[in-house]
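S.K.: What follows is a structure written as structure tokens; I'll ask about it next.
Rule-based calculations on the coordinates, nothing more; no lab input. Nothing here was measured: the structure is a model prediction, and the numbers come from that model. With ideal geometry, Cβ positions are generated from the backbone for all residues, glycine too; neighbour counts draw on all protein chains shown.
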Amino acid sequence: MNKQRVRNILFTVSTLILSTLLAFAFEQFNLRRENILLIYVASIMLIMVETRKVALGIASTFLLVFIFNFFFTEPKYTFIIADANYIITLIIFMVAIAIMGTLTTSLQREINFSKDNGTKMELLYQMSKELLFANTKEEILRIEKLHLSSIMNRDFLFHFTKILPDDDQAFIDISKYKKEIEYATSYHLICGKNESKYAHLPIKIFPITSTKGISGVLIVNCEENDLSKQEKEFIQTSLLHMLIALEREKLSEDQEHSRLEIEKERLKSALLRSISHDIRTPLTTLQTGTSFLYESFDLIDDDMKKNLLLDINNETSRMSEFVENLLNMTRLNANQLMLHLKDELIDDILMDVNHRIQNRLGLHKLVIEQKESMDYVYTDATLLIQVLTNLIDNAIRHTREDATIQISYHKTSQDIEFQVIDDGGGIIQTDLHKIFSDFVSIDTGKGDKTRGIGLGLSICQAIIKAHGGTIKAQNNDIGGATFSFTLPSKQEVTNG
């Protein structure tokens, strides 16, 4: 006997007892027996409305007839009816109660049915809105669980093949129902309790399958009682909404996968083209310079030898930085770049940058802002030097030969902002949003020698983000471009 049936019986018995006690109270005031009958009519109507069981109402009617006859008709405390009119009255009373109770129960059932339908339609509408904005399988499943819980006061769980993990706290051992789950997903049919297949099971299995490769089931606990027709229809409708959302998400995932594959192939091609260019140019210089030195060593003066050796050194440094950029980008993409953070003196870093970049300046002028204070920045010095070197090298590549490049910095309460400023023509507005992307090299009209691999600015952004800072580019008021980035400041030491 389930809990609801026990509750209905207890409510019926309690109502009959209370109505009889109330009838005794009415009798003490010498009220007519017809009034006592009205008390019983009201109690039976209450029983039918509350329990929604016509059978309980009719059974209560028979019981109350005997109670009324025993306690309130002459001779009292017997089941003998002395007045034949009471027999007709009681029969009419029973028939009237049965008709009224049936009509009341039917009306109540229709009202509740309409109310439940309205609630379920509202839930389905709300669920559809939420699923429309769900972006992941986990979010879709969370929304579905939330709305199923609102209409089912019972255990349930989802089981999918591959696309989602099973619930951590399952109310059953899924491994025991592999055959039944396979049947539901293979034939797209509900099985389990009171269904045509596996009717003996204490569960009901709803299939969740599509042609997009989605395969799973909803398993509902029906051990105590089966699902109502309305619950079953709601579950099927809500699962259809969820399936549409899962298919949409899978389609989006497939499209993103295809886009990434295309992008990967594009990046591979760009990388191969750029590597061949960036290696070929310095190698040509190295080969030409070393060959000329070897063949004409005794024929050229010392100044020319020094210039040739300087060119060889510059191209070697360029290749070294090129390889370092590639290695760092590989480490960043694999999340393997280790930061060796400590307080570094900014003047030492700027001095190192100046030393590294001098041989590449040509006619460009580099101005480094000098400050009297000894300022520190919490950073990986090697990587910060690489960022500043890349930014200056980028300015050299994309500005006129006599442009001025300036490095400055200023402190705030939380961080230090560095700026690399040039006056060499600025950046085309349409290129500002993409200059930090991989393998993007802006055409400046300076010829093939300035193209480069297009990784320098991308690496700068990745390194600054790894430090917890930000980097941006914008055109300035002097006709050039300004690259600025922030890094955390840990301490300040000033001259005493």
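S.K.: For the stretch 135-250, give the magnitude of the charge dipole about the Cα centre (Cβ charges: +1 Lys/Arg, -1 Asp/Glu; no others), in debye to the nearest 20.
M.R.: 360
S.K.: Once R0 is set to 51 Å, what does the formula 1/(1 + (r/R0)^6) return for the Cβ-Cβ distance between K365 and R142, expressed as a FRET efficiency to the nearest 0.05?
M.R.: For K365 and R142, the calculated efficiency is 0.25.
S.K.: By Kyte-Doolittle mean hydropathy of at least -1.0 and Cα axial length of at least 18 Å, which whole DSSP H helices of the chain are selected?
M.R.: Going by DSSP H runs, the hits are 3-28, 33-51, 54-72, 84-132, 137-151, 229-296, 302-333, 346-361, 381-398.
S.K.: For I88, project a label point 7 Å along Cα to C-beta. Then give me every residue of the stretch 34-58 with its amide nitrogen under 17 Å of that point.
M.R.: 34
S.K.: Another question, then. Over what distance in Å are the Cα centres of the stretch 305-325 and the stretch 341-406 separated?
M.R.: So the two Cα centres are separated by 18 Å.
S.K.: Starting from the Cα of K306, step 7 Å along the direction of its Cβ; do the same at L345; then give the gap between the two resulting points in nm.
M.R.: Inter-label distance under the simple model: 3.0 nm.
S.K.: With charges only on Cβ, +1 for K and R and -1 for D and E, what is the dipole size of the chain about its Cα centre, in debye, rounded to 20?
M.R.: Dipole magnitude for the chain comes out near 2840 debye.
S.K.: Given axes a ≥ b ≥ c from the Cα gyration tensor, I'd like to know whether the stretch 174-247 is rounded (a/c under 1.5), prolate (a/b larger than b/c) or oblate.
M.R.: Since a/c reaches 1.5 but b/c is at least a/b, the shape of the stretch 174-247 is classed as oblate.
S.K.: So if we plug the beta-carbon distance of L103 and K3 into 1/(1 + (r/R0)^6) with R0 = 41 Å, what FRET efficiency do we get, rounded to 0.05?
M.R.: 0.90
S.K.: In the chain, if the dipole is taken from +1 on Lys/Arg beta carbons and -1 on Asp/Glu beta carbons about the Cα centre, which of M319, I300, F158 is farthest to the positive end?
M.R.: Farthest towards the positive pole: F158.
S.K.: Which one, (i) 167, 97, 35; (ii) 68, 49, 38; (iii) 150, 61, 37, gives Cα extents along the principal axes in Å as derived from the coordinates shown?
M.R.: Recomputing Cα extents along the principal axes in Å here picks out (iii).
S.K.: To continue, here is another question. Taking the Cα centre as origin and putting +1 on Lys and Arg beta-carbons and -1 on Asp and Glu beta-carbons, what dipole magnitude results for the stretch 3-115, to the nearest 20 debye?
M.R.: 560
S.K.: Hey, another quick one. Quick one: which of 105-117, 195-207 comes out on top by average Cβ neighbours within 10 Å, and what's the full order, highest first?
M.R.: Those peptides, ordered most packed to least, come out 195-207, 105-117.
S.K.: So how much slack lies between T237 and T290, counting 0.36 nm per residue of separation and subtracting their Cα-Cα distance, in nm?
M.R.: Computed gain between T237 and T290 is 11.3 nm.
S.K.: Spin-label point model (7 Å from Cα, Cβ direction): what's the E110 to D402 distance in nm?
M.R.: Spacing of the two 7 Å Cα→Cβ label points: 9.7 nm.
S.K.: Rounded to the nearest 500 deg cm²/dmol, what is the calculated helix-only ellipticity per residue at 222 nm for the chain, with -39500 (n - 2.57) per DSSP H run of length n ≥ 4?
M.R.: When only DSSP H runs of four or more count, the value is -20500 deg cm²/dmol.
S.K.: A 31 angstrom limit on the alpha carbon distance is what I want to check against. Which of K365/K434; K3/K137; K371/K434; K3/K176 exceed it?
M.R.: K3/K137; K371/K434
S.K.: Say the dipole of the stretch 1-135 comes from +1 at the beta carbon of Lys and Arg and -1 at that of Asp and Glu; which of Y125, I47, T104 then lies farthest toward its positive end?
M.R.: Y125
S.K.: Next question. Under 5 Å between amide hydrogens, which residues at least 5 positions from I416 or on another chain qualify, with H placed 1.01 Å from N in the peptide plane?
M.R.: L487, S489
S.K.: As I understand it, the dipole of the chain uses +1 on the Cβ of Lys and Arg and -1 on the Cβ of Asp and Glu, about the Cα centre. Which of T185, L309, G456 lies farthest toward its positive end?
M.R.: Selected residue: T185.
S.K.: Under the 0.36 nm per residue contour assumption, what length would be gained going from the current alpha-carbon distance of K76 and L189 to full extension?
M.R.: Once the chain is fully extended between K76 and L189, it gains 34.4 nm.
S.K.: Neighbour counts of other C-beta atoms within 10 Å: give me T209, T389 arranged from fewest to most.
M.R.: Neighbour counts put them in this order, fewest first: T209, T389.
S.K.: Pull out the extension gain between M45 and L63, defined as 0.36 nm times the separation in residues minus the alpha carbon to alpha carbon distance; nm, one decimal.
M.R.: 5.1 nm
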